[in-house]
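The values are calculated or read from the model by the stated rules, or taken from the named source; none is laboratory data. All figures in this text were calculated on a predicted structure; none of them were measured in a lab. As a convention, Cβ positions derive from the backbone with ideal geometry for all residues, glycine included, and neighbour counts pool all protein chains shown.
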Amino acid sequence: MKHKIAPSLLAADFMHLRQAVEMVNDSDADWLHMDVMDGVFVPNISFGFPVLHAVAPVLKKPMDVHLMIVEPQKFIDRVAESGAYMMTVHYEACTHLHRTVAAIKETGMKAWVTLNPHTPIRLLEDIIQDVDMVLLMSVNPGFGGQRFIEHSVEKTARLKDMITRKGLPTLIEVDGGVNMETGKRLLTAGADILVAGDFIFKSPHPMQTIKELKAL
């Protein structure tokens, strides 16, 4: 499978969200990554369901919704109603992760699990077969523009080894500090999807930047 690129809307100009979404539509991007933050699970507040519902009618690519919130299981139906293709929850936020993953799948969405930088991949041994994708945070979640955490490359390789060893189709997405250099190393380590925010939306030519990431 050719790797996928998912621009993160968090880095877009919020005064011109429609233009940002239309740029993603016209680009080589595969998905649009949407970070929902509550100011509790992470030290920042981004946007909520009104923005998801506003973006959905304009967006022509699958919506990749990443909930950086406490008790994400309470909002599964609302995420599904927004038209999301996939819903991502944090391992650290879910006491009953297996139940949450099953509930997400019951809505027809893909179920993905995120690990913070400090969370070891071995904790996924008993859930990895039930999830469609694992999102590895390569920065501490909450803010864009952070420095890439170097051990994320080796962590990606270890997760890929776990997935291969179990013979699973589970995908790996990486989010944080992605650029041409880190992106290439992550893909070599086994990543399937790269999320990029500032690197794309603060580029002088975002569509060209997406094209170059897609060509890695």
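Out of all the residues in the range 35-52, is one or more charged (D, E, K, R) and over 28 Å from Arg18 (Cα atoms)? Step through it out loud before you land on a result.
Applying the first criterion (charged (D, E, K, R)) to the range 35-52 yields 35, 38.
Next, only the ones that are over 28 Å from Arg18 (Cα atoms) stay: none.
Looking through the range 35-52, none of the residues is charged (D, E, K, R) and over 28 Å from Arg18 (Cα atoms).
Could you list, in sequence order, all residues of the range 50-64 that are farther than 19 Å from Pro141 by Cβ and without any contact (Cβ under 8 Å) to a residue 40 or more places away in the chain?
Residues of the range 50-64 that are farther than 19 Å from Pro141 by Cβ, as a first pass: 50, 53-62.
Pro50, His53, Ala54, Ala56, Pro57, Leu59, Lys60, Lys61, Pro62 - these are the residues of the range 50-64 that are farther than 19 Å from Pro141 by Cβ and without any contact (Cβ under 8 Å) to a residue 40 or more places away in the chain.
Pick out the one residue from Val40, Val21 that is aliphatic (A, V, I, L, M) and farther than 19 Å from Gln208 by Cβ. Outline the logic, then answer.
Details: Val21 fails: farther than 19 Å from Gln208 by Cβ.
None of the others qualify; the one that does is Val40.
Could you please give the count of residues in the range 98-123 that are buried (at least 17 other Cβ atoms within 10 Å of the Cβ) and out of contact with any helix residue (DSSP H, G or I) (no Cβ under 7 Å at 6 or more places or on another chain)?
2
Applying the selection to the range 1-53, what residues are farther than 24 Å from Thr114 by Cβ and either touching a strand residue (DSSP E or B) at 6+ places or on another chain (Cβ under 6 Å) or of a type in the set (Gly, Ala, Ser) (or both)?
Restricting attention to the range 1-53, the residues satisfying the condition of being farther than 24 Å from Thr114 by Cβ are 13, 15-16, 18-19, 22-23, 25-28.
Of everything in the range 1-53, just one residue is farther than 24 Å from Thr114 by Cβ and either touching a strand residue (DSSP E or B) at 6+ places or on another chain (Cβ under 6 Å) or of a type in the set (Gly, Ala, Ser) (or both), namely Ser27.
Under 6 Å between Cβ atoms, at least 6 apart or on separate chains: pull out the pairs that start in the range 65-76 with a residue that is among the acidic types (Asp, Glu) and end on any residue that is crowded, with 24+ Cβ neighbours inside 10 Å.
Close Cβ pairs satisfying both conditions: none exist.
Any idea how many residues of the range 10-21 are assigned to a helix (DSSP H, G or I) and surrounded by 18 or more Cβ atoms within 10 Å (Cβ to Cβ)? Can you show your working first?
Initial filter on the range 10-21 (assigned to a helix (DSSP H, G or I)): 10-11, 14-21.
Now narrow it down to the ones that are surrounded by 18 or more Cβ atoms within 10 Å (Cβ to Cβ): 10-11, 20-21.
Residues flagged as assigned to a helix (DSSP H, G or I) and surrounded by 18 or more Cβ atoms within 10 Å (Cβ to Cβ) within the range 10-21 amount to 4.
I'd like to check something: does the range 159-170 contain any residue that is over 14 Å from His66 (Cβ atoms) and of a type in the set (Gly, Ala, Ser)? Give the steps one after another, and end with the answer.
Kept after step one, since they are over 14 Å from His66 (Cβ atoms), are these residues of the range 159-170: 159-170.
Filter once more, so that each one left must be of a type in the set (Gly, Ala, Ser): 167.
Taking every residue of the range 159-170 in turn, at least one turns out to be over 14 Å from His66 (Cβ atoms) and of a type in the set (Gly, Ala, Ser).
Test of understanding: among Thr156, Thr209, Thr170, Thr188, which residue is modelled with pLDDT of 95 or more, surrounded by fewer than 21 Cβ atoms within 10 Å (Cβ to Cβ) and of a type in the set (Ser, Thr, Tyr)? First the steps, then the outcome.
Working: Thr156 fails: surrounded by fewer than 21 Cβ atoms within 10 Å (Cβ to Cβ); Thr209 fails: surrounded by fewer than 21 Cβ atoms within 10 Å (Cβ to Cβ); Thr170 fails: surrounded by fewer than 21 Cβ atoms within 10 Å (Cβ to Cβ).
Answer to the selection: Thr188.
Filtering the range 37-60 down to residues that are surrounded by 17 or more Cβ atoms within 10 Å (Cβ to Cβ) and in contact with a helix residue (DSSP H, G or I) (Cβ under 9 Å, 6 or more places away or on another chain), which residue is farthest from Ser27 (Cα to Cα)?
As a first pass, look at the range 37-60 and keep what is surrounded by 17 or more Cβ atoms within 10 Å (Cβ to Cβ): 37-38, 41-42, 46-47, 52, 55, 59.
So of that shortlist, the ones also in contact with a helix residue (DSSP H, G or I) (Cβ under 9 Å, 6 or more places away or on another chain) come out as 37, 41, 46-47, 52, 55, 59.
Values: Met37: 26, Phe41: 32, Ser46: 24, Phe47: 23, Leu52: 20, Val55: 16, Leu59: 12 Å.
It comes out as Phe41.
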